[in-house]
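No value in this document is a laboratory result; all are computed from the given coordinates. Being a predicted model, the structure only gives us computed values, none of them experimental. A quick note on method: Cβ atoms are made from the backbone with ideal geometry, for glycine too, and the neighbour counts reach across all protein chains shown.
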C-alpha cells in the first residue's frame, strides 16, 4: 500500500522549520581570520573619528585671523615655525604671524584654526627664516577635519550578525578589535544514501553514478557559513542506518541526509524517523523540484531529508537549511535575498506547483533579468554550475512569458531578507 | 620645489598595469577544498550523462507495444518479473507481457522501452504472481532519460578560470575529479607606511590612528582570491625602507604598499622606486579618491603604491590590483563587473575628476539602484562597511541627479567583465 502524503505550501514548510532554528554561540578569532565570518556582537566605536582635529591635506596650519586681509595682489606672509608629520604632535602654541607645515592626517597645533593646501602656498627663505605667502583669506575651520566629525565614541557602526567584508575588517582594526567576536559555525552532518552511488574516485560501473550531492552540499554549507561533517554513506541495512543517524545526530547541531525520502521501497528515512521517535514536520511540499523534501525534528535538532536528485537537493538546501544556518550565525536576514526581475525566457507550460528554476542573473540598461541556467530537467547537473539565482514561478493554470515580472532568489548574496514574504 | 605630476585617465592607468599582468601556475587540491578556488583547466565530461538509459521515476519498466490497446475501460495486465533498485542491473531480457518494478535512477532493463509511473499503476497478487494493470497506451521512450541526453563524453562543461561554486563542485564530483586542478593563488606582499599608525592592539595616542588599511587590504586580497603576506610597517629610515621593499619583492609575486606615495616630505615611495630602478607606470590619476595611486614595475613584478587614505586605498586596490590577481588565477573576466543602474541620490556638485563612490546596490521593481554608503568624505572609514559596489561618476562640468543612469561596479561578484569598456 502506497503511503499518501499531503503536500504543504513552500512558505508554510519554511515557517515550520524556522520554529526550530536557534542562535548559536560565539568565539573570538584573530582579526586576520575574521573575513567571511559573522559578527557575534555589535561593533562599537571605542573613540571619536577623528579622535583629534586633523588636517585632511598636506599644507600649512595657520591662524585664520592672520589672513583676513590677504589677497592675490597683497599676500600675507607668515613664518613657518615648525613642521608636524602625521603621528606627531606640535608641542608649542602657534602665535600670530606664524604657520606650521603640516602633513595629511596630522593633528592641528594649538592656536591654529585652518589649513592652507600645499599647492596654494608659496614658500621661500628670508634671512634664514622659512616664510610662506598666503594669497587669500581663510575662515575658522577651513580644511580641518574635526574631532568626532565622522563618528562619535559609543556609536554602533555594524550590527551583530553582519557578514564581515573588507570594509567591516577596516572598522574592526580602527576600533582596536585585534580579536573579533564571531558566531561559531553550526556543525552540520551529512549522510548520503543510495546504493547506486559511487565515490568520486571510483571508476564508473553499469547502472551507477558518482555521488555528487555530498560534495555539493558540503560546498553549499561552506557558502552558507556552516561547518560540514561528512559521515559517509548509508549501509544497506536499516538497523545499521538507524544507528548511523542516531550517532551522527549526537555529534552535530543539525543533520542532512541526501536521498531515501521518497515513498519507494528502498527509501529508509521515513522508517528511521519513526523508529527514533522524530517528529516529521512535513514530507511533501507543493514545489518542483524537491517535492519529497522532508524535515524532521528530534529533541530540538533538525534532520533535513533532502532529495537524492541533485537539483532538488540543491534547492531544498537553499530554501530550508540555509535560513537555519544564518539564524545560528545571528544573521538578521536569514532568507535568500528576494528581488523582482524579468524573466529572460518563456515558460509557457503551466504547472500546478511552485517551481524554483536555477538561473543566472544579468543586468541590462538598469533592469534585472533572470535566465534559466541550461536545460531545466530536474536531473540536469550541468545547469547548476552557472546558477547564481533561483527563479520562483508560482503554480497555477497559466504559463509565463519572457519579460514578465518574477521573484528571483539570489544565491551568492551575503545580505539576505529578514522576512519570508517581503521583497526588496 | 614641488614635483609636478601629470594625471592620466583611469582606464589608461588600468591598461598600463594590465600589460604586466601574468597567468600563474596550477596545483591540485582535494575536491573538499576546491570551493572558492578557480579552475586551472577546462572541466570535461569523462562520460555521457546519463551514462545509460535510466528511469526518471519510481515505477514499472515495460515494453510499450504491450500497452497499445490499453485504456481505462480495458487495462492491460503485465506480470512483474523482478525489481531493480537504483545502482543494480536487471540481468535478463524482459519479454512480452512482462514488467519490471524500477526505482528512480535505475537502468532500463533490456527489452523495455518505457516507464509507467508508480502512482499510475495498480498492482495486485494473482496465484502467487505479482501483476500490474496499465490503463493507457505508452509510446517508445516514454519516461526514459536517454544515455547522453544531458551531456556527452568530452564536452567542456566549465571553462578554465571559472570560480568554483557548489554547482561546479557537483560537476567535478560527477566526473571523477577527486583532485581538482586549481590556479595557485598569487602571493602578494603588503607593507604599510605612516608614522601615525598604531597597531590594532595598541591604545590610542595623541595624533595617531590605528592601522586599518593593512587588515582591510589583506581581506580584499582574500576576497579577490590571492594570498596576502604582511611584511610589517616601514621603518623611518629611507635606506632601511628600500631594503625592506627589495627583500619583500623577492618573496612575492606582487607588492602592495599603503601610504607614502604623495608628494609630501615624508613620502618615501617615489625615492625608493627611483633607487631600485623601478619603472613608474603612473603616479597621478584623474580620479577621486586615489589620485596619488602609483604603480611601478621592476623586472616584471608590479609594485602597487596605494594611498594611505582608507577609501582611496580600497578603491585603488579594486581598480588596479584585483584584475591582476584575477588574471593570475586564469579568470577570463578580470575586471569588476560593470552594470548600468540608477543613482539613488543627487550628486549635484560637479567635479572635474572621475569619482568612484562606495555604494550599496538595491533592487526595486526590477530596476537596479546604487545608493552611496554613508557620507562620502574620502576619509570616512565607516561607509566602507556597507559598500558592495562603486558608483562611477565621470568628471565634467555637470552634476548628477537621482534616477540618472550610472555605471556601477560590483564588489562581491565572482563573475567580472572581460573588457574594460564593455558593460553587461
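Worth a mention:
- Chain A: most fluctuating residue of A:183, A:96, A:195 per GNM, C-alpha cutoff 10 Å: A:96
- Distance between the C-alpha centres of the range B:407-421 and the range B:233-256: 32 Å, rounded to the whole angstrom.
- Rg over Rh for the range A:8-106 works out to 1.41, both radii taken from alpha-carbon positions and Rh defined as the Kirkwood radius.
- Peptides B:75-85, A:334-344 ranked from most to least packed by the mean count of surrounding Cβ atoms within 10 Å: A:334-344, B:75-85.
- Acute angle (nearest 10 degrees) that the helix B:213-224 long axis makes with the longest principal axis of chain B, alpha-carbon atoms: 30 degrees
- Over all Cα atoms in the protein assembly as shown, the spread is summed up by Rg and Dmax: 32.2, 125 Å.
- Per-bin percent of Cα-Cα distances, the range A:247-342 [5 Å]: 3, 13, 22, 24, 20, 11, 4, 2, 1, 0
- Label point at residue B:398 placed 7 Å out along Cα→Cβ; residues across the range B:348-373 whose backbone nitrogen lies under 15 Å: B:348-352
- Peptide B:16-26, shielding by other chains (average Cβ, 10 Å cutoff): 0
- Every pair of different Cα atoms in the range B:83-220 enters the Kirkwood calculation, which places the hydrodynamic radius at 22.0 Å.
- Length-normalised contact order for chain A - Cα pairs under 8 Å, 6+ apart - percent: 17 percent
- Looking at the protein assembly as shown alone, DSSP beta bridges between its own residues are antiparallel in about 70 percent of cases.
- 10 Å Cβ neighbours from other chains, averaged over peptide A:98-109: 4
- Two-decimal Rg to Rh for the range A:195-253 - Kirkwood Rh, Cα set: 1.02
- Placing a label point 7 Å from Cα along the Cα-to-Cβ axis, residue B:125 is separated from the same position in the other copies by 11.5 nm, shortest listed first.
- Largest GNM mean-square fluctuation among A:156, A:180, A:295, using chain A with Cα springs under 10 Å: A:156.
- The equivalent ellipsoid of the range B:59-134 has semi-axes of 19, 13, 12 Å, largest first, where each one is the square root of 5 times an eigenvalue of the Cα gyration tensor.
- Nearest-0.05 FRET efficiency for residue A:202 and residue A:251, computed from C-beta distance (R0 25 Å): 0.40
- Hull shadow area, averaged, the range B:108-168 [alpha-carbon convex hull, nm²]: 7.7 nm²
- Note on the range A:287-345: Kirkwood radius taken over Cα pairs, Stokes-Einstein applied at 10 °C and 1.306 mPa s, translational D equal to 123 µm² s⁻¹.
- Over the protein assembly as shown: helical MRE at 222 nm, DSSP H runs n ≥ 4 each giving -39500 (n - 2.57), nearest 500: -4500 deg cm²/dmol
- According to the Cα-based calculation, Rg over Rh for the range A:270-424 is 0.99, with Rh computed by the Kirkwood formula.
- Per-residue mean of C-beta atoms belonging to partner chains within 10 Å, peptide B:128-134: 0
- Extension gain for residue B:4 to residue B:33 (0.36 nm times residue separation, less C-alpha to C-alpha distance): 5.5 nm.
- Prolate/oblate/rounded call for the range B:301-392, Cα gyration tensor, a/c under 1.5 rounded: oblate
- Within a Gaussian network of chain A (alpha carbon springs, distance under 10 Å), most fluctuating of A:131, A:276, A:287: A:131
- For chain A: rounded, prolate or oblate by the Cα gyration tensor [a/c cutoff 1.5]: prolate
- Computed over the range A:15-67, the quotient of the alpha carbon radius of gyration and 2.2 N^0.38 Å is 2.30.
- Cα centroids of the range B:80-156 and the range A:126-155: 84 Å apart.
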